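Only one structure is covered here, and it is reproduced in the block below.
The values are calculated or read from the model by the stated rules, or taken from the named source; none is laboratory data. On a predicted model such as this, the values are computed, not experimentally measured, just so you know. Neighbour counts run over all protein chains shown; Cβ positions are idealised from the backbone, glycine included. What goes into the accessible areas is simple: the full protein's heavy atoms, side chains included, and nothing from ligands, DNA or RNA. Shrake-Rupley method; radii C 1.70, N 1.55, O 1.52, S 1.80 Å.
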Amino acid sequence: MATIKDVAKLAGVSISTISRVLNAPDKVSKDKRERVLRAIEQLNYHPNALARGLIHKKTKTLGILIPDISNYYYAEMFRGMEDAAQEFGHNIIICNTDKDKQRMISALRSMKEKQIDGFVFTSEPVYPDYYDIFNQLGLPVVLASTQSLEYAIPSVKIDDEQAGFDAAQYLIDCGHRRIAMISGPHLDPIAGMSRLQGFMRAMRTNELDFDSTRCVEFGNYRYDDGYAAMERLWTKNPELTAVFAASDEMALGAIYFLYRSAIRVPDEVSVLGLDNTRIASMSLPRLTTVAQPIYDIGYKAVRTLQEVLDGAGPPTLRTYLPHHIVARDTVKNANGEIF
């Protein structure tokens with residue numbers, strides 16, 4: 001591979017002139033600039049990004065930590081991150097942590113060694129030991145689809161408690177009174193407990209009887225969890241008419257259990273999901289869901305990180321993007337109309 005010294009020798013200029021042509025061409029005379037560009041083309045020279053980063057203290061590289069890259073949710077979020085990164089001229093290093101602390105620490109150390117400019121941390125809570133690690137790295141960080149009420153870290157997400165409330169209220173407005181929920185893990189303070197608390201607030205607001213031991217089951221947001229949770233719910237609460245699942249994957253798992261049990265959706269049981277991932281519109285019946293702006297969360301997170309890197313003043317600490325109901329084919333009202 002040709003080096004910057006080779007280019008300088010062929011063009012008959014200094015190495016500093018090569019650097020100016022690459023980074024501030026307007027400061028170089030036309031004659032020298034053209035000689036350098038011809039030499040670069042002739043030698044097929046490609047600047048070393050890491051070396052340039054050491055000079056300018058920026059590598060134009062961002063790190064993204066995702067807990068489960070196989071999940072449709074994170075695939076769509078990452079698309080938003082990548083589009084924003086391209087807009088600002090960044091490359092991205094993505095790491096799948098699998099919700100494993102040691103794996104996350106290893107990924108962060110590797111990113112630090114690669115001289116990343118900053119990183120986005122997604123979905124998981126920021127535990128005290130995580131925050132200590134972030135501080136030790138000394139890199140800018142933005143949270144996506146999670147937040148920290150304890151630490152001053154910028155975050156971008158929806159209001160999960162309100163989303164849970166709106167989901168239950170939607171089913172209530174459709175005439176349902178015997179409603180159950182398939183919640184995320186009760187130890188998950190970001191989306192698990194928040195969505196459940198919102199759901200229960202709606203039940204209380206509408207003065208509906210609600211026994212959480214009979215009407216709530218928990219899962220880890222995946223398809224198999226939804227299937228198993230729906231089976232448990234139906235065993236102890238067969239009179240229910242509607243179910244809110246805290247993710248689209250769990251909602252589809254619940255629908256499959258009902259299908260295998262010859263229970264018609266939405267004629268006998270309505271099912272409402274949350275996320276609006278691509279699979280929500282691909283399923284049969286198509287899933288009615290509380291839509292998160294998943295792409296926008298990823299895009300806004302990287303844009304916020306760019307603001308931090310630019311030193312454009314204190315960023316907004318907590319950004320909540322709007323959610324909304326997308327009505328398709330899995331929720332029916334009391335008059336038999338599908339919503």
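What percent do you get for the relative contact order of region 224-312 when only Cα pairs under 8 Å and 6+ apart count? Each step should come with its number before you reach the end.
Details: 108 pairs, mean separation 21.9, N = 89.
Taking the mean separation of contacting Cα pairs over the length of region 224-312, I get 25 percent.
Relative to the dominant Cα principal axis of the chain, helix 223-236 is inclined by about 20°. For the chain, leaving out every one of the GluC sites (Glu not before Pro) that falls in a DSSP loop and has at most 14 other Cβ atoms within 10 Å, the longest unbroken run is 1-149. For the chain, the longest principal axis of the Cα atoms and the long axis of helix 72-87 meet at an angle of about 30 degrees.
Region 78-99 and region 200-250 have Cα centres spaced 34 Å apart.
For the chain, the relative contact order comes to 17 percent (Cα pairs under 8 Å, sequence separation of at least 6).
Expressed as a whole percent, the accessible area of the chain that falls on carbon and sulfur atoms is 50 (1.4 Å probe).
Can you tell me what share of the DSSP beta bridges in the chain is antiparallel? A percent to the nearest 5 is fine.
Values: 4 of 37 bridges.
About 10 percent, rounded to the nearest 5.
Accessible area per residue for the chain is 49 Å², calculated with a 1.4 Å probe on protein heavy atoms, without ligands, DNA or RNA. Pairs of Lys residues in region 11-142 are counted when their Cα atoms are under 30 angstrom apart and they lie 8 or more places apart or on different chains; the count is 24. Shape descriptor for region 77-188: Rg over Rh equals 1.07 (Cα atoms; Rh from the Kirkwood inverse mean 1/r). Against the main long axis of the alpha-carbon atoms of the chain, helix 248-260 sits at an angle near 40°. Here's how it looks for ILE93: its modeled amide H is under 5 Å from those of LEU62, GLY63, ILE64, which are all 5 or more places away or on a different chain. Summed over qualifying helices (DSSP H, 4 residues or more, each -39500 (n - 2.57)) and divided by its residue number, the chain shows a 222 nm mean residue ellipticity of -14000 deg cm²/dmol. Electrostatic tally near GLN136: other residues with Cβ closer than 14 Å to its Cβ, Lys and Arg +1, Asp and Glu -1, net -1.
Could you tell me what a quarter of the Cα convex hull surface of the chain works out to, in nm² with one decimal place?
Details: hull surface 83.6 nm².
Directional mean of the projected Cα hull area for the chain stands at 20.9 nm².
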